[in-house]
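Report on the following structure.
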Amino acid sequence: MAYVITEPCIDVKDGDCTLACPVDCIYEGGRMFYIQPDECINCGLCLSICPVDAIVWDEEITDAMRPFEKVNRDFFEVVTGWGSPGGWDERHTTTADHPLVAGHPPRAVPADPQ
């Protein structure tokens, strides 16, 4: 695994990371995005653009965020059964989430100032 999307993404899903990823290895779940660990090429573009610092290099992940390594992997293997789809496309978007994410208390998202 190279990069891991962690807890700060829950209920935020900014989406800039998906646009920056050159291999489309970031997929959308119901409450957060997930990185397909076998498709990530470790380029770091997603890390540099994430506005909430939710993306972490696996070698620098904190103990508190370590469960998200499994969350990202299990999303593809257990939750969706997609395995390694070979890059995001519209068929690989879902409202499903890993149980740890689904059970996370809702995050209050600031209202749009418009």
Residue that is nearest to residue 43 (Cα to Cα), among those in the range 1-15 that are touching a helix residue (DSSP H, G or I) at 6+ places or on another chain (Cβ under 8 Å) and modelled with pLDDT of 95 or more:
3
From the set of residues in the range 22-72 that are among the hydroxyl-bearing types (Ser, Thr, Tyr) and either surrounded by fewer than 14 Cβ atoms within 10 Å (Cβ to Cβ) or touching a Pro at 6+ places or on another chain (Cβ under 6 Å) (or both), which is modelled with the highest pLDDT?
62
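The values are calculated or read from the model by the stated rules, or taken from the named source; none is laboratory data. What you see is a predicted model; the values in this text were computed from it and never measured. Quick reminder, even Gly has a Cβ in these numbers, built from the backbone with ideal geometry, and neighbours come from all protein chains shown.
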